[in-house]
Amino acid sequence: MFKFNERYIVDPCGKKTAVVIDIEEFEKLLERLNRYEELETYDTEDVTNDVIEAFKDLKKEKVHSAREILNEL
């Protein structure tokens with residue numbers, strides 16, 4: 001979780017209207033947002049199919065070592 005050193009701009013009534021953060025904090029936030037967007041576009045159907053295949057293999061008692069699985073990634 002980010003900890004920001006945020007400052008606020010307020011209107012004449014004291015209502016917060018904008019946030020000011022350091023440029024480094026802003027850049028870190030943008031990086032995280034970009035990574036999230038990359039994950040968001042990941043095809044969940046592929047993952048579902050992989051999980052189904054893994055359970056089929058388990059039923060057939062076909063077991064894969066962790067090394068095999070990691071090598072495929």
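The values are calculated or read from the model by the stated rules, or taken from the named source; none is laboratory data. What you see is a predicted model, and the numbers here were worked out from it, not measured in a lab. Here the Cβ positions follow ideal geometry from the backbone for every residue, glycine too, while neighbour counts run over all protein chains shown.
One table, with the values for the structure above:
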| item | result |
| --- | --- |
| Meets criteria (in contact with a His (Cβ under 9 Å, 6 or more places away or on another chain) and modelled with pLDDT of 75 or more) for residue 50 | no |
| Residue 37 being loosely packed, with under 10 Cβ neighbours inside 10 Å, modelled with pLDDT of 80 or more and assigned by TED's automatic domain parsing to the domain that holds residue 7 | no |
| Test for residue 69: is it at pLDDT 90 or above and among the aliphatic types (A, V, I, L, M) | no |
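Residues are listed down the side, and each one gets a yes or a no for (1) over 26 Å from the mean Cα position of the chain (by Cα); (2) in a strand (DSSP E or B); (3) not hydrophobic (A, V, I, L, M, F, W, C):
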| residue | (1), (2), (3) |
| --- | --- |
| 4 | no, no, no |
| 9 | yes, yes, no |
| 14 | yes, no, yes |
| 19 | no, yes, no |
| 29 | no, no, no |
| 32 | no, no, yes |
| 37 | no, no, yes |
